[in-house]
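This report concerns only the one structure given below.
The values are calculated or read from the model by the stated rules, or taken from the named source; none is laboratory data. Every value quoted in this text rests on a predicted model; they were computed, and no experiment measured them. Reconstructed Cβ throughout: ideal geometry from the backbone, glycine too, with neighbour counts over all protein chains shown. For accessibility, only protein heavy atoms count, side chains too; no ligands or nucleic acids. Shrake-Rupley method; radii C 1.70, N 1.55, O 1.52, S 1.80 Å.
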Amino acid sequence: MTTKKDGPNDREKKYHLRTRLIHGLSHSKRWDYDHHVVPPMTVSATFRLDSAKRGAQGFAEFAGADELTPSHHPIYIYDRLGEPTGGMLEDNLATAEGGEMALCFASGMAAISAAICSLAKSEQHIVAHKVLYGCTFSLIENWLPRIRIESSLVDLTDANALRSAIKPNTRVVYFETPVNPDMVLIDIAEVRRIVDQINARRDPKDRVWIVVDNTFATPYCQRPLELGADLVCQSLTKAIGGFGTDIGGALIGPKSLYHDLILYRKDFGGILSPKNAWNTLVYGLPTLAARMVNYQKSAMRVAEFLQQHPKVKEVHYPGLKSFPQYELAQRQMCDYRGHFAPGSMIYFVIKDTKGDGDAAEHFIDWAATNAYTLTLAVSLGQIKTLIEAPYSMTHSSMCDADKRARGIVPGGIRLSIGLEDWHDIIADLDAALEHA
Ligand SMILES: *Cc1c(COP(=O)(O)O)cnc(C)c1O
């Protein structure tokens with residue numbers, strides 16, 4: 001029988017991913033696992049180097065492809081370049097998403113900006129879906145133009161819109177699926193087919209990269225890299241972190257992007273603190289599967305309840321048979337065992353029965369003060385059910401006309417299902433809807 005000491009080897013590969021998220025790599029060159037059941041948190045900003053030669057070797061090896069081989073013994077120099085706790089989390093995130101490498105960042109936005117700004121530069125262009133997380137929208141609309149990266153925001157559920165948006169200088173196609181907040185799905189494999197046709201006619205250095213924000217689904221419900229994405233973004237703050245204690249982000253993708261991304265992270269400086277990495281490594285990622293199984297079970301019950309409620313105009317949850325992209329949802333959103341995994345996020349629109357446009361506000365205000373299980377707060381993927389109004393909160397960086405044109409209406413409510421007993425969530429929603 002092999003023991004943990006026999007590593008590094010591939011022995012954990014025969015275990016289910018759900019199991020591997022709990023144990024991580026059975027042997028890591030990042031740290032000696034032999035005596036720690038829980039990985040250690042290190043809080044040393046700088047590292048002692050035994051000799052000038054070893055110091056020089058550490059700098060020479062930094063950002064090299066060798067750093068990604070399992071037998072490599074890292075020479076740690078300074079936390080901003082790389083450190084053990086974040087490194088162990090990166091190994092496990094790469095496993096979770098099925099990628100060759102992962103890099104952690106200070107936040108989801110630090111990861112997203114690193115992805116876009118290392119794949120595209122001045123005088124180049126990116127295409128993104130027309131509905132995006134509010135700060136990603138603001139990054140693309142307000143900051144990228146300052147460094148002369150142009151963008152086109154189009155409907156990426158429409159293959160022709162994507163084809164005609166790609167220009168000779170386009171380098172990135174960027175989207176979320178499910179989209180925050182309206183739960184629209186974008187067919188990753190279809191985007192891959194279109195981008196492959198375009199890349200086939202291009203010099204490889206001018207290729208278009210597909211970047212997918214997988215925050216809503218998490219790798220438990222969807223692995224974009226398997227479906228054709230080049231690079232995945234995660235806000236670790238959300239369901240991967242899981243407990244709402246820490247902000248963090250990650251990029252997961254091919255080894256070929258490692259060099260540029262780690263240099264970008266070193267020089268722009270948006271590193272994940274080892275203390276935040278530790279919480280995600282020890283509490284968040286290992287419990288992702290267990291939490292998601294429960295979130296999903298409750299989300300389905302809540303979505304069914306909302307769907308039959310007379311005050312609810314529409315419910316967008318990929319698990320409902322009435323979901324307009326149900327067939328795509330079943331194809332694209334699958335857990336590690338291949339079962340349909342529609343996730344924990346629901347978007348629904350409240351009917352404006354009084355005609356004053358305030359039904360959603362009455363609903364939210366009542367829930368915020370009276371409903372024990374519904375917490376009015378942004379963010380998502382925590383153990384508590386969170387509720388918010390994207391029109392006036394998370395997506396307020398878009399102007400009214402843009403929001404309405406994109407279907408983000410004042411009556412829209414985003415629900416992130418938590419671990420409470422679903423009967424209680426439904427009872428509180430029912431009571432709050434009486435006040436809508
Ligand atoms: C929250 C979120 C982000 C940003 O992540 P931070 O960790 O808050 O920077 C990006 N994309 C989506 C879909 C999000 O929900």
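One table, with the values for the structure above:
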item: Global geometry of region 282-436, whether rounded, prolate or oblate, following the gyration tensor of its Cα atoms and the 1.5 cut on a/c; result: prolate
item: Folded to 0 to 90 degrees: helix 108-119 orientation relative to the chain principal axis, Cα; result: 60 degrees
item: Convex hull volume per residue in cubic angstrom - Cα atoms of region 351-436; result: 90 Å³
item: Angle in degrees between helix 258-268 and the longest Cα principal axis of the chain, rounded to the nearest 10; result: 80 degrees
item: Relative contact order %, region 208-354, counting alpha carbon pairs below 8 Å whose residues are six or more apart; result: 25 percent
item: Which of M41, M88 is most accessible, then next, and so on - probe 1.4 Å; result: M41, M88
item: Exposure rank, largest accessible area first [R18, R337, R48, R30; 1.4 Å]; result: R48, R337, R18, R30
item: Relative contact order of region 288-434, defined on C-alpha pairs under 8 angstrom at six or more residues apart (%); result: 26 percent
item: Ellipticity estimate at 222 nm from DSSP helix runs (n ≥ 4, -39,500 (n - 2.57)) divided over the chain, nearest 500; result: -10000 deg cm²/dmol
item: Among D50, D402, D260: highest mean-square fluctuation, GNM of the chain, C-alpha pairs under 10 Å; result: D50
item: Rounded accessible area per residue of the chain, 1.4 Å, Å²; result: 43 Å²
item: Share of carbon and sulfur in the accessible heavy-atom surface of region 80-282 [1.4 Å probe, %]; result: 50 percent
item: GNM flexibility winner over the chain from F59, F216, F363 (Cα, springs under 10 Å); result: F59
item: Kirkwood Rh, angstrom, the chain [1 / mean 1/r, Cα pairs]; result: 22.6 Å
item: Charge sum, other residues only, whose C-beta stays under 10 Å from P410's C-beta, Lys/Arg counted +1 and Asp/Glu -1; result: -2
item: Candidate lysines - alpha carbon under 27 Å from K403, same-chain residues fewer than 8 apart omitted; result: K130, K167, K238, K311, K313, K321, K351, K354
item: Cα long-axis angle, helix 84-97 against the chain (0 to 90 degrees, to the nearest 10); result: 60 degrees
item: Residues of type lysines that K29 reaches as a straight line, Cα spacing below 27 Å, ignoring anything fewer than 8 places off in the same chain; result: K4, K5, K13, K14, K53, K255, K266, K275
item: Shape metrics for region 79-228, restricted to C-alpha atoms - Rg then Dmax, Å; result: 15.4, 46
item: Three-way shape label, region 123-168, alpha-carbon gyration tensor, a/c 1.5; result: oblate
item: F59-A431 FRET efficiency (beta carbon distance; Förster radius 45 Å; 0.05 resolution); result: 0.15
item: Positive dipole terminus of the chain, leading residue within G108, V315, F305 (C-beta point charges); result: G108
item: Relative contact order, percent, the chain [alpha-carbon distance under 8 Å, six or more residues apart]; result: 16 percent
